[in-house]
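Trainee: I am attaching a structure below and will ask some questions about it afterwards.
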Amino acid sequence: MSVFSGLKFRKVSSPIHNLDPRVKFVYVCAIFVVAILFSEMLPLVILFLIQIPFVLLASVEREWLRSMRGAAFLATIIFLTNIGAAFFRDGYVLTAPSVESAVAMTLRFMVLVESFSVFFLTTSPDHLGLALEQTRVPYEFVFAFTTAVRFVPVLAEEAQTIMDAQKARGLELERGNFLKRIRNYIPILIPLIIGAIRRSLELAEAMESRAWGATKKRTNLYVLKMQRGDFVLIAITFGILVIAIYARLFVRIPTVNELLRSLP
Amino acid sequence: MIVVKDVHFTYPNGIEALKGISLTVQNGEFVAIMGQNGAGKTTLVKQFNGLLKPTKGTVLVDDVGTTKVSVATLARNVGFVFQNPDHQLFSESVEEEIAFALRNFGFKETVTKKRVTWALNLLGLTQYRKTSPFMLSGGERKRVALASILAWNPRILILDEPTIGQDYQQKEKLRQFILQMRTQRKTVIIVTHDVEFVAECNPRVLLMRDGQIIADGEATETLTDTEVLTKASIVPPQIAQIFLHLPNMKLPKNVIDVYEAREILLKTLERKSK
C-alpha cells in the first residue's frame with residue numbers, strides 16, 4: 001500500500017504544485033522517453049538526480065521517500081533478475097559490466113516511479129481534470145476519471161470498515177493455506193464491490209437531479225493559463241530532450257568502471 | 001465484565017479520538033453511549049472487541065487484555081453489530097449469511113443449523129431464509145446483520161446505531177429483545193443518537209464529548225441534566241422537555257418515561273382542580 005500513499009495528492013502550495021498539469025505531464029513523458037533511450041548507468045544516475053530539486057521545491061520529500069521505499073521491493077526483483085540472468089549467460093561469473101547494467105535497469109525503473117510520483121504528488125485531481133477538459137477530452141470521460149480518482153480514499157476507508165465488520169464475525173484473514181487465504185477475502189470484496197456499484201448509481205441519480213449535462217457547453221470557474229514557470233519547465237524539458245538525443249546519437253557514454261579507472 | 005483503565009487512542013493520521021477514558025461495565029448491565037458526531041463513541045466500543053487497541057492504558061474483557069488476544073477470539077464473547085449492514089452482507093442467502101460467523105467459530109453443522117433457525121425466528125426473518133440479503137429492504141438488512149451476530153449468542157452485545165432505519169414496531173421489538181438479554185445477565189452496549197429510544201429503555205447513560213466521558217449515570221439523571229446535554233449536543237427527551245418547561249407547576253425534573261409522566265401530570269391536575 002505504501003506505493004499508493006506515495007502517489008496521493010496533498011493540498012499545499014508550491015512552485016511545482018502551481019505549474020500547469022499539462023506541462024508537468026509533458027515533462028514526465030520526456031523523462032520517461034529519455035530513461036528508455038539509455039541503458040547505461042551514468043545517464044540514468046543523472047536523470048534520477050535531476051528530479052530531486054523538483055521534490056525539494058515542492059517539499060514533498062517525505063511522501064516521495066515513501067513511494068521510493070514502496071518501489072524498493074520491485075526494484076530489488078528487477079536487480080536480482082538482471083544480475084541473475086547475466087550471471088548464467090556469462091558462464092557463472094559476475095562481471096563489472098553486468099553488475100552495472102543491472103544497476104542501470106533498476107535505476108531506470110526508479111526514475112519512472114520517481115517522475116510519476118512527483119507528478120501525482122503535486123497535481124490535484126481537479127487540476128488534472130481541468131487539464132484533460134482543456135485538451136478537448138469529452139467532459140463525460142473527464143468526469144468519470146476525476147470521480148474515480150476522488151473515490152479511491154473513500155473506497156480504502158470502506159474496505160477497512162468491512163474488514164473490521166467481518167473480523168468481528170470471527171473472520172481470520174491470515175488463516176489457512178494459500179488458496180484458503182485468497183478465499184478469505186471474498187467476504188470483504190463482495191460488500192466492497194456492491195457498495196461501489198450502489199454508490200455510483202446513487203451518484204448518477206444525485207447528479208441528474210442537479211441537471212447534469214443540461215447544457216452541452218460548460219464553462220469553468222478556473223481556466224488553466226500558462227505562466228512564466230510553465231515556460232521555464234518547457235525550456236528545461238526541451239533542453240533535457242535535446243541533450244539526451246544528441247548524447248545518444250553522437251557521444252559514446254563511458255561506463256562507471258571506465259571512469260573510475262581513468263581517475264589518477 | 002469490561003474494565004477500561006485510562007485509555008487513550010490516537011488514529012494513525014494523528015487524530016486523538018480518546019483522551020483518558022476510565023469505565024467499568026458489569027455483567028448484565030445495559031449501557032447507552034451518546035454524544036455528538038466525532039466524540040469517540042464508535043472508537044470507544046471498537047476497543048471492547050479489540051478492533052482497535054489502546055495507544056495508552058488497558059482494556060480488560062473478562063480479565064483478559066485486548067492486546068493479548070485476536071479479534072476473532074474476543075468476538076466469540078463480544079458480538080459487535082456494525083452501523084451499516086451493507087458493510088458485512090455478502091452471502092447468497094440470509095441463511096448462509098447468518099451461518100458465516102458460526103462456521104468461523106467452528107460450530108458443528110447440526111448446531112449451526114439449529115442456531116440459524118433460532119436467530120431467523122427471533123428477528124422475524126424466517127420467510128427470507130433462502131432470499132438474497134441484497135433483495136431485502138434497509139431495515140430488513142439491518143435485522144439480518146443483527147441476527148448474524150446473535151446467532152452465536154455472545155455474552156456481550158455491542159450495537160452501533162441499532163435504531164436507524166427501523167420503524168416504531170421494530171424499535172419496540174429491539175427494546176423488548178434488549179430487556180430479554182438483561183434477564184439473561186447479558187451485557188448490552190448501544191451507541192446511539194436516538195434520545196427517545198434511550199428514554200424508553202432507561203439504561204445507564206454515558207455522555208461523550210471530544211474523546212472524554214462527561215457524564216455517567218442513570219438515564220433519568222443524565223438525560224434531564226440540560227447543562228451536560230448541551231455540551232454533548234443532545235436535546236432532552238420530549239417528556240423531559242415538557243417537564244423542564246413547566247417550572248410553575250412544581251413538577252419533578254427527572255422524568256423521562258411517558259407513563260410516569262402521565263401519572264404525575266394527572267395527579268397534579270387533580271390537585272389543582274380541587
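Trainee: Looking at this structure, is A:A96 out of contact with any Ser or Thr (no Cβ under 7 Å at 6 or more places or on another chain) and free of Cβ contacts under 8 Å to residues at least 24 places away in the same chain?
Mentor: Values: out of contact with any Ser or Thr (no Cβ under 7 Å at 6 or more places or on another chain): yes; free of Cβ contacts under 8 Å to residues at least 24 places away in the same chain: no.
Judged against the criteria, A:A96 is not a match.
Trainee: Could I ask something else about it? Just to be sure, is A:I188 crowded, with 17+ Cβ neighbours inside 10 Å, closer than 30 Å to B:I158 by Cα and either within 11 Å of chain B (Cβ to nearest Cβ) or hydrophobic (A, V, I, L, M, F, W, C) (or both)?
Mentor: Spelling it out, A:I188 is indeed crowded, with 17+ Cβ neighbours inside 10 Å, closer than 30 Å to B:I158 by Cα and either within 11 Å of chain B (Cβ to nearest Cβ) or hydrophobic (A, V, I, L, M, F, W, C) (or both).
Trainee: Would you be able to say whether some residue in the stretch B:60-73 is under 30 Å from B:N202 (Cβ atoms) and part of a helix (DSSP H, G or I)?
Mentor: Checking the stretch B:60-73: not a single residue is under 30 Å from B:N202 (Cβ atoms) and part of a helix (DSSP H, G or I).
Trainee: To continue, here is another question. Only one of these is on the phi > 0 side of the Ramachandran plot and outside any strand (DSSP E or B): B:G28, B:G57. Name it.
Mentor: So the residue among B:G28, B:G57 that is on the phi > 0 side of the Ramachandran plot and outside any strand (DSSP E or B) is B:G28.
Trainee: A further question on this structure: Considering every residue within the stretch A:224-233, establish whether at least one is closer than 30 Å to A:V99 by Cβ, surrounded by 13 or more Cβ atoms within 10 Å (Cβ to Cβ) and touching a Phe, Trp or Tyr at 6+ places or on another chain (Cβ under 9 Å).
Mentor: No, every residue in the stretch A:224-233 fails to be closer than 30 Å to A:V99 by Cβ, surrounded by 13 or more Cβ atoms within 10 Å (Cβ to Cβ) and touching a Phe, Trp or Tyr at 6+ places or on another chain (Cβ under 9 Å).
Trainee: Another question about this same structure. Does the stretch B:55-77 contain any residue that is of a type in the set (D, E) and away from every other protein chain (no Cβ under 14 Å)? Let's see the steps before the verdict.
Mentor: Looking only at the stretch B:55-77, we keep the residues that are of a type in the set (D, E), and these are B:62-63.
This time we only want the ones that are away from every other protein chain (no Cβ under 14 Å), so: B:62-63.
Taking every residue of the stretch B:55-77 in turn, at least one turns out to be of a type in the set (D, E) and away from every other protein chain (no Cβ under 14 Å).
Trainee: May I ask you to say which residue of B:A151, B:A119, B:A147 is hydrophobic (A, V, I, L, M, F, W, C) and closer than 17 Å to B:Q83 by Cα?
Mentor: Only one candidate passes the filter, namely B:A147.
Trainee: Collect the residues in the stretch A:170-185 that are within 11 Å of another protein chain (Cβ to nearest Cβ) and either exposed (fewer than 14 other Cβ atoms within 10 Å of the Cβ) or of a type in the set (V, I, T) (or both), keeping them in residue-number order.
Mentor: Once the filter is applied, which keeps residues that are within 11 Å of another protein chain (Cβ to nearest Cβ) and either exposed (fewer than 14 other Cβ atoms within 10 Å of the Cβ) or of a type in the set (V, I, T) (or both), the stretch A:170-185 yields A:E174, A:R175.
Trainee: Also, quick follow-up: Among the candidates B:V59, B:V45, B:V94, single out the residue that is under 26 Å from B:E140 (Cβ atoms) and buried (at least 24 other Cβ atoms within 10 Å of the Cβ).
Mentor: On the way: B:V59 fails: under 26 Å from B:E140 (Cβ atoms); B:V45 fails: buried (at least 24 other Cβ atoms within 10 Å of the Cβ).
After ruling out the rest, the residue left standing is B:V94.
Trainee: Which one of B:P162, B:P154 is part of a loop (DSSP other than H, G, I, E, B) and either over 24 Å from A:G195 (Cβ atoms) or of a type in the set (V, I, T) (or both)?
Mentor: B:P154
Trainee: Exactly one condition in (1) more than 10 Å from chain A (Cβ to nearest Cβ); (2) under 20 Å from A:A168 (Cβ atoms) is false for B:V3; which is it?
Mentor: (2)
Trainee: Just checking, does the stretch B:123-131 include any residue being assigned by TED's automatic domain parsing to the domain that holds B:V61, over 17 Å from the mean Cα position of the chain (by Cα), hydroxyl-bearing (S, T, Y) and in a helix (DSSP H, G or I)? I'd like the intermediate steps shown before the answer.
Mentor: Kept after step one, since they are assigned by TED's automatic domain parsing to the domain that holds B:V61, are these residues of the stretch B:123-131: B:123-131.
Still in the list and also over 17 Å from the mean Cα position of the chain (by Cα): B:124-131.
Next, only the ones that are hydroxyl-bearing (S, T, Y) stay: B:126, B:128, B:131.
Right, trim to in a helix (DSSP H, G or I) and you get B:126, B:128.
The answer is yes, given that some residue of the stretch B:123-131 is assigned by TED's automatic domain parsing to the domain that holds B:V61, over 17 Å from the mean Cα position of the chain (by Cα), hydroxyl-bearing (S, T, Y) and in a helix (DSSP H, G or I).
Trainee: Report yes if B:L136 is surrounded by fewer than 18 Cβ atoms within 10 Å (Cβ to Cβ) and of a type in the set (A, V, I, L, M), otherwise no. Don't jump to the end; show me each part of the working.
Mentor: Values: surrounded by fewer than 18 Cβ atoms within 10 Å (Cβ to Cβ): no; of a type in the set (A, V, I, L, M): yes.
The answer is no for B:L136.
Trainee: Of all residues in the stretch A:155-173, which are more than 30 Å from the chain's Cα centre (by Cα) and either small (G, A, S) or over 24 Å from B:N153 (Cα atoms) (or both)?
Mentor: Listed by number, the residues that qualify are A:A165, A:A168, A:G170.
A quick yes/no check of all residues on (1) closer than 30 Å to A:Q227 by Cα; (2) touching a residue at least 40 places away in the same chain (Cβ under 8 Å); (3) in contact with an Asp or Glu (Cβ under 8 Å, 6 or more places away or on another chain); (4) part of a loop (DSSP other than H, G, I, E, B):
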| site | (1), (2), (3), (4) |
| --- | --- |
| A:V12 | yes, yes, no, yes |
| A:L42 | no, yes, no, no |
| A:L56 | yes, no, no, no |
| A:A102 | no, no, no, no |
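Trainee: Identify all residues within the stretch B:28-54 that are aromatic (F, W, Y) and within 14 Å of chain A (Cβ to nearest Cβ); write none if there are none.
Mentor: Answer for the stretch B:28-54, where residues must be aromatic (F, W, Y) and within 14 Å of chain A (Cβ to nearest Cβ): just B:F48.
Trainee: Do you know which residues across the stretch B:96-120 are of a type in the set (V, I, T) and either in contact with a helix residue (DSSP H, G or I) (Cβ under 9 Å, 6 or more places away or on another chain) or at the interface with another protein chain (Cβ under 9 Å from one of its Cβ atoms) (or both)?
Mentor: Of everything in the stretch B:96-120, those that are of a type in the set (V, I, T) and either in contact with a helix residue (DSSP H, G or I) (Cβ under 9 Å, 6 or more places away or on another chain) or at the interface with another protein chain (Cβ under 9 Å from one of its Cβ atoms) (or both) turn out to be B:I98, B:V111, B:T112, B:V116, B:T117.
Trainee: Now a separate question. May I ask you to say which residue of A:R136, A:R150, A:R175, A:R210 is assigned to a loop (DSSP other than H, G, I, E, B), over 23 Å from B:E97 (Cβ atoms) and at pLDDT below 90?
Mentor: Checking each option against the conditions leaves just A:R136.
Trainee: Just one of the numbered conditions (1) surrounded by fewer than 18 Cβ atoms within 10 Å (Cβ to Cβ); (2) within 12 Å of another protein chain (Cβ to nearest Cβ); (3) of a type outside the set (V, I, T) is not true of B:D167; which one?
Mentor: The number of the failed condition is (2).
Trainee: Ok, one more. Would you check which residues across the stretch B:78-95 are within 12 Å of another protein chain (Cβ to nearest Cβ), hydrophobic (A, V, I, L, M, F, W, C) and outside any strand (DSSP E or B) and list them?
Mentor: Result: B:F82, B:L89, B:F90.
Trainee: Considering only the stretch A:150-169, how many residues are surrounded by 18 or more Cβ atoms within 10 Å (Cβ to Cβ) and either away from chain B (no Cβ under 14 Å) or touching a strand residue (DSSP E or B) at 6+ places or on another chain (Cβ under 6 Å) (or both)?
Mentor: 1
Trainee: For the stretch A:212-264, which residues satisfy the criterion of being of a type in the set (G, A, S) and within 28 Å of the chain's Cα centre (by Cα)?
Mentor: Passing the criteria: A:G229, A:A235, A:G239, A:A244, A:A247.
The values are calculated or read from the model by the stated rules, or taken from the named source; none is laboratory data. Small disclaimer: the values here were computed from a predicted structure and weren't measured. Positions of Cβ are backbone-derived with ideal geometry, glycine not excepted, and every protein chain shown enters the neighbour counts.
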